[in-house]
Amino acid sequence: MKQFYLITNKVKDPDSFYTQKIISYLEMHGANVACVENVEQFSERCDEKAAGWDEAKCVLVLGGDGTLLRAARIMMNRDIPLLGINLGTLGYLAEVEIAFIEEALDKLLADQFTREERMMLVGQVQSREVTQENFALNDIVLSRCGSLQVLNFHIYVNGQFLNSYSADGMIVATPTGSTGYNLSAGGPIVEPSANLLLLTPICPHTLHTRSIVLAPDDTVRIEIPEGKDGREQLVEVSYDGSCKVRLRTGDYIVVCRADRTTGILKLNTESFLTVLHKKMSE
């Protein structure tokens with residue numbers, strides 16, 4: 001592999017020290033590297049033939065899991081895999097630690113890697129204001145906006161009523177996203193290359209509500225009914241923590257597996273459980 005794109009999170013690498021280190025190392029070994037230093041610029045260049053996308057074989061994402069998630073949505077229409085280089089804290093997606101970057105780059109240059117295809121979600125919002133579709137690699141989250149009040153949700157799976165929830169929010173997550181907000185909300189950890197959907201309430205106001213594991217081809221519909229005492233509810237939908245859309249009573253969102261995947265390059269030979277043990281011990 002000799003053609004790379006590098007996207008840098010300038011907040012994590014403000015003086016471009018690590019960015020320049022990576023570029024210099026790759027060029028010294030005969031590789032070509034194009035670099036952008038923010039996600040917005042990266043998104044614009046995705047549609048430019050002159051940006052080198054026809055030649056790029058890999059996108060190196062320097063930052064943390066959030067940076068990689070944004071890059072994944074931008075790259076979902078292109079068959080170019082991502083490799084995350086962690087400058088953050090607890091990175092599950094960005095598997096390469098900066099202390100081992102030269103070893104990782106050597107493996108890329110020598111084609112010593114495997115590629116995993118990670119499932120994505122598509123969520124279609126139906127509201128009075130907008131009909132909108134967007135994608136997520138980690139999760140689609142419905143949370144409250146405005147005052148601190150419990151939200152009510154009606155959940156349907158494949159058109160069949162499942163349950164009503166009173167909670168601070170709802171998460172629909174992929175296996176990749178199981179170690180994100182889903183984990184913080186008490187949901188299960190899932191091997192990231194699996195294919196399934198996770199439905200996890202956020203701080204449910206009951207003693208017996210648990211996460212539900214659904215088949216990958218299931219369709220989840222989450223409706224926003226009236227709140228307590230017939231009040232109108234205001235809910236915010238986010239896709240991987242961004243692309244936020246507001247819903248209110250009478251609106252709904254339909255979530256299912258997307259017909260696109262994200263390619264993630266794996267350099268480590270360690271099992272997922274070994275990596276998980278290390279991350280949870282940090």
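For Arg257, the test of being over 24 Å from Ile85 (Cα atoms), modelled with pLDDT under 95, open to solvent by 60 Å² or more (accessible area, probe 1.4 Å) and not small (Gly, Ala, Ser) is failed. Scanning segment 64-105 for residues that are under 13 Å from Ile22 (Cβ atoms), in contact with a helix residue (DSSP H, G or I) (Cβ under 9 Å, 6 or more places away or on another chain) and loosely packed, with under 14 Cβ neighbours inside 10 Å yields a count of 1. Considering segment 163-188, the residues that are under 15 Å from the mean Cα position of the chain (by Cα) and of a type in the set (A, V, I, L, M) include one that is farthest from Ala136 (Cα to Cα), namely Leu183. Of all residues in segment 200-217 being part of a loop (DSSP other than H, G, I, E, B) and modelled with pLDDT of 95 or more, which is least open to solvent (accessible area, probe 1.4 Å)? Ranking the candidates gives Pro216 first. Remark: Tyr92 matches the filter, which requires a residue to be hydroxyl-bearing (Ser, Thr, Tyr), under 26 Å from Gly64 (Cα atoms) and touching a residue at least 24 places away in the same chain (Cβ under 8 Å). Take Asp139 and decide whether it is in contact (Cβ under 8 Å) with a residue 60 or more places away in the chain and surrounded by 21 or more Cβ atoms within 10 Å (Cβ to Cβ). The answer is yes for Asp139. Here Thr131 fulfils each of the conditions (1) among the polar types (S, T, N, Q); (2) in contact (Cβ under 8 Å) with a residue 40 or more places away in the chain; (3) under 25 Å from Asp251 (Cα atoms); (4) surrounded by fewer than 18 Cβ atoms within 10 Å (Cβ to Cβ) apart from (2).
Only strands (runs of 3 or more DSSP E) whose full extent lies in segment 89-199 are considered here, and the ones with at least 3 residues that are among the polar types (S, T, N, Q) and farther than 19 Å from Val213 by Cβ are 114-126, 131-136. Checked against (1) modelled with pLDDT of 90 or more; (2) open to solvent by 10 Å² or more (accessible area, probe 1.4 Å); (3) over 20 Å from Thr262 (Cα atoms); (4) not charged (D, E, K, R), Ala51 meets all criteria but (1). When the residues of segment 108-122 are filtered to those that are out of contact with any strand residue (DSSP E or B) (no Cβ under 9 Å at 6 or more places or on another chain) and not small (Gly, Ala, Ser), the one that is most open to solvent (accessible area, probe 1.4 Å) is Gln112. Selection of segment 241-254 for residues being touching a strand residue (DSSP E or B) at 6+ places or on another chain (Cβ under 7 Å), surrounded by fewer than 16 Cβ atoms within 10 Å (Cβ to Cβ) and at positive phi yields an empty set. Exactly one residue out of Ser211, Ser193 is polar (S, T, N, Q) and either more than 30 Å from Arg115 (Cα to Cα) or without any contact (Cβ under 8 Å) to a residue 60 or more places away in the chain (or both), and it is Ser211.
The values are calculated or read from the model by the stated rules, or taken from the named source; none is laboratory data. A quick note: this is a predicted structure, and the numbers were derived from the prediction, not measured. Don't worry about glycine lacking a Cβ; one is built from the backbone with ideal geometry, like all the others, and counts go over all protein chains shown. Heavy atoms of the whole protein, side chains included, go into the accessibility calculation; ligands, DNA and RNA do not. Shrake-Rupley method; radii C 1.70, N 1.55, O 1.52, S 1.80 Å.
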